[in-house]
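Right, one structure below, let's go through it.
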Amino acid sequence: MERTDYNGNLRLKDAGREVVLDGWVANRRNLGSLLFIDLRDSTGIIQLVTDHPDDFPDVRNEYVIEARGHVRAKEVPNKNLPTGEVEVVLTSIKVFNKAETTPFIIADKTDALEDTRLTYRYLDIRRPYILNKLKTRALIVRDWHEYFDSHDFLEVETPALNRSSPEGAKEYLVPSRVHHGCFYALPQSPQLWKQLLMIGGVERYYQVARCFRDEDLRADRQPEFTQLDEEVSFMDMDQILALNEGFLAKIFKDTVGVDIQLPLRRIPFWEAMDVYGSDKPDTRYGLTLKDMMPLVGDIEFKGFEGASYIKGIVIPGQGKETSRKVLDNLQLEARKFNLKGVLSLKVEEGKLAGSFGKFVDEAHAAKIIEALGLQEDDLVLFASSSDRRNIDFGMGALRTLYAKKLGLIKPNTYDLLWVVDFPMFDPVEGEPGKYVAEHHPFTRPRDEDLPLLDTKPEEVLAYAYDIVINGYEAGGGTMRIYDHDTQWKIFKLLGLSDEQVAAKFGWFIDAFKYGAPPHGGIAFGLDRLTMILTGTDNIRDVEAFPKNLQAVDPMSHAPAFVDDSQLDILDIKIDEEK
Ligand code: ASP
């Protein structure tokens with residue numbers, strides 16, 4: 001091949017040079033006496049031109065060609081293209097391959113359905129919109145290697161075929177051919193392995209780790225995703241956070257050219273919940289949660305019976321805008337978050353109207369208006385609950401909804417913070433005394449809270465930290481338990497019997513008997529980081545070959561039935577009735 005340049009790199013300084021360029025025909029305009037071709041390669045688009053169209057082969061969109069010519073300055077630069085100050089005057093074209101008409105036009109602006117784009121993902125990737133996101137993703141990974149290499153981290157690969165170890169989500173299982181009835185599980189994260197590496201004396205481990213979770217998919221969730229995973233021994237939490245802030249600063253600089261202010265803010269979990277109604281708060285806008293208990297708690301109202309919390313948000317100037325219908329829809333939204341319903345107050349001519357208006361006497365109205373600083377046409381949405389997490393998450397969801405609706409989120413602004421002091425356990429609703437781990441069972445309770453493990457486990461806070469960027473949990477980690485007995489105790493508190501702990505995790509906690517160092521770590525979600533740094537809310541934009549929302553790859557049609565002979569080898573029978 002004789003390519004001399006990548007298309008996207010040509011500039012005015014190249015004028016006069018002979019060049020050989022490769023790529024795809026992105027567009028062709030034949031004006032009879034003039035032929036223009038936009039030639040696309042992985043770096044960008046350059047315009048080719050000739051005033052002898054008949055001397056060249058007839059090329060169509062997406063033909064793969066090699067073009068020769070010389071670069072010249074354009075009389076009228078095209079401001080929309082980085083290469084727009086120049087064009088290449090053609091001397092020859094070689095056609096490597098023809099192309100049929102593509103199912104959708106290969107351009108950043110497209111109205112093709114996502115499933116169509118995923119069916120022909122290789123064409124979709126030709127769109128700079130997708131390709132540029134893959135480039136940013138690769139840049140983050142390059143920075144990851146550069147940064148942690150320079151801090152003496154050792155890259156270690158951990159197994160993909162593991163023993164099943166429930167970490168929260170459902171696992172993908174892989175049947176064993178050799179061991180009848182036995183299954184491997186694909187890793188939800190390399191959590192246990194990286195801790196064993198610490199016990200193995202590695203001290204500083206990192207890895208770009210592929211993880212698998214069999215959960216219902218959402219805009220920001222895929223069945224397989226990539227973690228930038230790390231673990232260190234002999235560092236405390238402050239040191240780990242500072243180390244990782246350095247990495248974050250590097251990727252923000254290299255990908256979006258932004259200098260982030262270090263050290264990052266830290267917000268305790270309960271403060272984030274109380275104020276923003278979220279454990280991953282977006283603090284770029286207000287609409288903070290207000291405690292309404294002192295304002296309306298003493299009003300006779302059936303809905304408040306049994307409620308320990310009444311919380312609301314004030315939405316300025318939205319009273320008239322917010323019709324009955326909108327409020328009805330909000331009820332549905334609230335129910336998704338286990339709230340019974342949403343009440344409203346609107347300031348109309350200085351008085352309080354809205355669904356709750358008739359329950360408010362003048363004295364209460366004056367108190368509410370004053371305490372919340374309400375103005376004419378303001379809207380207050382509020383709800384009550386007996387559960388602290390429910391009320392916070394519910395009102396937090398409404399807060400986000402309104403921020404999006406009112407356009408309060410400024411694009412291309414970045415809000416980074418750590419959420420810290422997470423509770424160790426999340427009580428299971430309706431099952432007193434039952435808990436699940438808020439992060440994972442290997443998280444170390446705060447030293448001062450250790451005595452509470454025996455008395456009030458729900459009040460135990462942990463050395464756990466999530467990095468939150470623009471309302472996304474972009475990563476999270478914890479300091480780990482490093483003594484055998486505490487680890488055993490945590491499993492017991494999570495409801496596992498001695499036999500279950502021994503059977504499921506015995507192999508892991510045995511290692512703690514032989515000298516485990518203090519250690520901790522974190523995992524960043526590469527997909528989420530890339531989403532944030534490329535400004536998309538859709539995780540499928542940042543993976544080369546994602547699954548759709550039904551966890552299907554519309555191109556290869558995975559998952560698919562397999563031959564009976566394959567099932568026979570594994571001794572698996574499919575129940576056709578189901
Ligand atoms: N393994 C954890 C996770 O996947 C991260 C960590 O604690 O390092 O969330």
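For the range 182-192, what are the residues that are surrounded by 22 or more Cβ atoms within 10 Å (Cβ to Cβ) and part of a helix (DSSP H, G or I)? Within the range 182-192, just Gln191 meets the criteria. Under the condition of being within 21 Å of Val25 (Cα to Cα), in contact (Cβ under 8 Å) with a residue 60 or more places away in the chain and either among the aliphatic types (A, V, I, L, M) or part of a helix (DSSP H, G or I) (or both), the residues counted in the range 124-139 number 6.
All told, Gln227 meets the bar of being outside any loop (DSSP other than H, G, I, E, B), within 24 Å of Glu146 (Cβ to Cβ), within 10 Å of the ligand (Cβ to nearest atom) and in contact (Cβ under 8 Å) with a residue 24 or more places away in the chain. With the requirement that a residue be in contact (Cβ under 8 Å) with a residue 24 or more places away in the chain and out of contact with any strand residue (DSSP E or B) (no Cβ under 7 Å at 6 or more places or on another chain), what does the range 236-247 give you? Residues satisfying the conditions are Asp236, Leu243, Gly246, Phe247. In the range 183-218, of all residues being more than 15 Å from the ligand (Cβ to nearest atom) and at pLDDT 95 or above, the one that is farthest from Gly515 (Cα to Cα) corresponds to Phe183.
So if I check each of Ala307, Ala272, Ala242, which one is over 30 Å from Gly520 (Cβ atoms) and small (Gly, Ala, Ser)?
Ala307
Of all residues in the range 230-258, those being within 16 Å of the ligand (Cβ to nearest atom), in contact with a Phe, Trp or Tyr (Cβ under 7 Å, 6 or more places away or on another chain) and either small (Gly, Ala, Ser) or not in a strand (DSSP E or B) (or both) number 3. Within the range 202-216, can one find any residue that is assigned to a loop (DSSP other than H, G, I, E, B) and more than 18 Å from Lys547 (Cα to Cα)? Yes. Cβ-Cβ distances below 6 Å connect the following pairs, each with a first residue in the range 541-570 that is over 19 Å from Asp214 (Cα atoms), a second residue that is not in a helix (DSSP H, G or I), and a separation of six or more residues or different chains: Ile569/Arg177; Leu570/Pro175; Leu570/Arg177. Considering each residue of the range 428-441 in turn, none proves to be under 20 Å from Gly475 (Cα atoms) and at pLDDT 95 or above. Among the residues of the range 478-494, is there at least one that is within 16 Å of the ligand (Cβ to nearest atom), of a type in the set (A, V, I, L, M, F, W, C), under 21 Å from Pro518 (Cβ atoms) and not in a helix (DSSP H, G or I)? Scanning the range 478-494 turns up at least one residue that is within 16 Å of the ligand (Cβ to nearest atom), of a type in the set (A, V, I, L, M, F, W, C), under 21 Å from Pro518 (Cβ atoms) and not in a helix (DSSP H, G or I).
Does Thr116 fit the bill of being assigned to a helix (DSSP H, G or I), of a type in the set (Val, Ile, Thr), at pLDDT 95 or above and surrounded by 14 or more Cβ atoms within 10 Å (Cβ to Cβ)? Answer is yes for this residue.
Might you let me know whether the range 166-173 holds any residue that is farther than 26 Å from Ala437 by Cα and more than 14 Å from the ligand (Cβ to nearest atom)? Talk me through it step by step, then tell me what you get.
Just the residues of the range 166-173 that are farther than 26 Å from Ala437 by Cα, to begin with: none.
No, that holds for no residue.
Regarding the range 312-320, can at least one residue be identified that is among the charged types (D, E, K, R), farther than 18 Å from Gly341 by Cβ and out of contact with any helix residue (DSSP H, G or I) (no Cβ under 9 Å at 6 or more places or on another chain)? Checking the range 312-320: at least one residue is among the charged types (D, E, K, R), farther than 18 Å from Gly341 by Cβ and out of contact with any helix residue (DSSP H, G or I) (no Cβ under 9 Å at 6 or more places or on another chain).
Looking only at the range 53-88, filter to residues that are surrounded by fewer than 14 Cβ atoms within 10 Å (Cβ to Cβ) and in contact (Cβ under 8 Å) with a residue 24 or more places away in the chain; which one of those is nearest to Asn9 (Cα to Cα)? The qualifying residue nearest to Asn9 (Cα to Cα) is Ala73.
Scanning the range 295-343 for residues that are in a loop (DSSP other than H, G, I, E, B), aliphatic (A, V, I, L, M) and surrounded by fewer than 16 Cβ atoms within 10 Å (Cβ to Cβ) yields a total of 1. Surrounded by fewer than 17 Cβ atoms within 10 Å (Cβ to Cβ) and either over 30 Å from Ala437 (Cβ atoms) or of a type outside the set (A, V, I, L, M, F, W, C) (or both): which single residue out of Leu381, Leu372, Leu408 fits that description? Every option except Leu408 fails the conditions.
When each of Glu458, Glu499 is tested for being away from the ligand (no atom under 16 Å from the Cβ), under 30 Å from Ser278 (Cβ atoms) and at pLDDT below 95, the lone residue that passes is Glu458.
Screening Arg221 with (1) in contact with a Leu (Cβ under 8 Å, 6 or more places away or on another chain); (2) within 15 Å of the ligand (Cβ to nearest atom) gives one miss only, at (1). Among the conditions (1) within 30 Å of Leu217 (Cα to Cα); (2) in contact (Cβ under 8 Å) with a residue 24 or more places away in the chain, Thr486 misses just one, which is (1).
Within the range 506-538, the set of residues being in contact with a Phe, Trp or Tyr (Cβ under 8 Å, 6 or more places away or on another chain), within 16 Å of the ligand (Cβ to nearest atom) and part of a helix (DSSP H, G or I) comprises Leu526, Asp527, Arg528.
The values are calculated or read from the model by the stated rules, or taken from the named source; none is laboratory data. What you see is a predicted model, and the numbers here were worked out from it, not measured in a lab. No Cβ is skipped: glycine too gets one built from the backbone with ideal geometry, and neighbour counts run over all protein chains shown.
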